[in-house]
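The values are calculated or read from the model by the stated rules, or taken from the named source; none is laboratory data. These numbers come from a predicted model, not from an experiment. Glycine also receives a Cβ, built like all others from the backbone with ideal geometry; neighbour counts cover every protein chain displayed. These area figures cover heavy atoms from the full protein model, side chains too; ligands, DNA and RNA do not enter into them. Shrake-Rupley method; radii C 1.70, N 1.55, O 1.52, S 1.80 Å.
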Amino acid sequence: MKSKKRPFSKAEQTAQESIYDAQKIAFSPMTFQAVRIAWKRGLLKGLDKNKDGLTPEELSESVKMSLYGVRVLLESCLSVNVVAFQDEKYHITKTGKVFLYSEMTQINMNYNHDVNYLGMFYLEQSIDNAKPEGLKKVFGDYDTIYSALTSLPEPAKSSWFAFDHYYSDIAFPSILPHVFKNNPKKIMDIGGNTGKFSIISANYNTSVKVTIVDIPEQLAVAKTEISKAGFSKRIDTIHIDMLDHSRHLPKGYDVIWMSQFLDCFGDNDIIEILKKASAAISKNGRIFILETYWDNQEMDKAAFCIVNTSLYFTALANGTSRMYRLSDMLKFINSANLEVVNTVENTGMGHTLLELQLKKIDLVNQIV
């Protein structure tokens, strides 16, 4: 793997620049909400349509919001370069246009507001207790968010799935040739969620059979989607709690697939899951892991989004997992007596695909 510039490697700042950056962070909950409302309520769209700019009075009339509300929102947006102010008129900036036209930015905003915002108040408590206290306070008495997903209130439910699918599904077309290069007959999709990868795989190869492993709440949704797609005979489902390390996976699979799954677990649990997966593959089988590692990104903006997603896992998801570094995952893989035989970088949205096999000594033992 080629070496990359380390994320967040920046030139030294002046004292005043550092102080300003600190204040931006201190007031970020306020500016987040101001920009979100300006986007949702049409203020940014109104400015985008009027190239000569609008006065607060004109925009107030256009969007049917009080002049007071327009003024406080625009002034906050001005402070973070979402709008500009010149000759008593407001204009949209390039940053403002991102909120109007970037699907990724809109998905991130909705996800953080609808799913994470209130729960983040309990981040410190979640760290101290190693439990998702934000989830319990905001959405109900669940141990993890995964059993709650199908029961989340709207718009949290839609925003969660939009975020999850946007960052995983986009990579599937480019990685399918790698998964199917050895013409696997049986694939296990661990953490299959709503069944998207399994359905895409069944479409890609007309003879492959897929088994989805997940929790009952997710399998219920997956079964519905599988039936709609007409693959009930080639895609089956089994419920196995991957945190129950006494439970084994069925054996004899050519491929085991895990997409953005291992980041849902703590360090030691990942090692145990990988060991469990290694026991389930055939002697020439492969394990594929698709993840976004923050230390393996080409751009700081990608690393920024990824590393801060860890806080969702802390306060809302499970209280113990995070978005890992590639160097972390390689250590886990080695501890599970597996080795990387192929790496595909910069696919999808900054994803890295790792292809694993049993270490050679374990291959010999398995054959014997």
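Residue-level analysis places residue 256 outside the set of residues that are farther than 26 Å from residue 151 by Cα, part of a helix (DSSP H, G or I) and touching a residue at least 40 places away in the same chain (Cβ under 8 Å). Scanning region 267-308 for residues that are over 26 Å from residue 170 (Cβ atoms) and polar (S, T, N, Q) turns up 268, 278, 282, 284.
The C-beta contact set for region 132-157 (first residue of a type in the set (Phe, Trp, Tyr), second residue in a loop (DSSP other than H, G, I, E, B) and at pLDDT 95 or above, distance under 7 angstrom, 6+ apart or interchain) comprises 139/152.
Taking each residue of region 307-336 that is touching a residue at least 12 places away in the same chain (Cβ under 8 Å) and open to solvent by 40 Å² or more (accessible area, probe 1.4 Å) and looking for partners that are small (Gly, Ala, Ser) and part of a loop (DSSP other than H, G, I, E, B) with beta-carbon atoms closer than 9 Å, six or more apart or interchain, yields 320/130; 320/266; 322/266.
Does residue 49 fit the bill of being within 30 Å of residue 169 (Cβ to Cβ), out of contact with any helix residue (DSSP H, G or I) (no Cβ under 8 Å at 6 or more places or on another chain) and either open to solvent by 60 Å² or more (accessible area, probe 1.4 Å) or of a type in the set (Phe, Trp, Tyr) (or both)? It is false that residue 49 is within 30 Å of residue 169 (Cβ to Cβ), out of contact with any helix residue (DSSP H, G or I) (no Cβ under 8 Å at 6 or more places or on another chain) and either open to solvent by 60 Å² or more (accessible area, probe 1.4 Å) or of a type in the set (Phe, Trp, Tyr) (or both). Screening residue 54 with (1) touching a residue at least 40 places away in the same chain (Cβ under 8 Å); (2) touching a helix residue (DSSP H, G or I) at 6+ places or on another chain (Cβ under 7 Å) gives one miss only, at (1). Scanning region 266-275 for any residue that is open to solvent by less than 20 Å² (accessible area, probe 1.4 Å), closer than 20 Å to residue 179 by Cα and part of a strand (DSSP E or B) turns up nothing. So how many residues does region 72-91 have that are surrounded by fewer than 16 Cβ atoms within 10 Å (Cβ to Cβ), charged (D, E, K, R) and on the phi < 0 side of the Ramachandran plot? The number of residues fulfilling the criteria is 1. For region 92-148, give me the residue count where each residue is of a type in the set (A, V, I, L, M, F, W, C), assigned to a loop (DSSP other than H, G, I, E, B) and either within 27 Å of residue 301 (Cβ to Cβ) or open to solvent by less than 30 Å² (accessible area, probe 1.4 Å) (or both). Adding up the residues that qualify gives 2. Against the test of being under 30 Å from residue 282 (Cα atoms), part of a helix (DSSP H, G or I) and touching a residue at least 40 places away in the same chain (Cβ under 8 Å), the options 175, 187 yield a single qualifying residue, 175.
Taken over region 226-277, the criterion of being more than 22 Å from residue 356 (Cβ to Cβ) and of a type in the set (Ser, Thr, Tyr) is satisfied by 227, 232, 237, 246. Checking 336, 302, 317, 280 one by one, the residue that is modelled with pLDDT of 95 or more and in contact with a Gly (Cβ under 9 Å, 6 or more places away or on another chain) is 280 and no other.
Within region 219-259, being closer than 15 Å to residue 270 by Cα, over 23 Å from the mean Cα position of the chain (by Cα) and of a type in the set (S, T, N, Q) holds for one residue alone: 246. Only a single criterion out of (1) in contact with a strand residue (DSSP E or B) (Cβ under 9 Å, 6 or more places away or on another chain); (2) surrounded by 21 or more Cβ atoms within 10 Å (Cβ to Cβ); (3) at pLDDT 95 or above is not satisfied by residue 296, namely (3).
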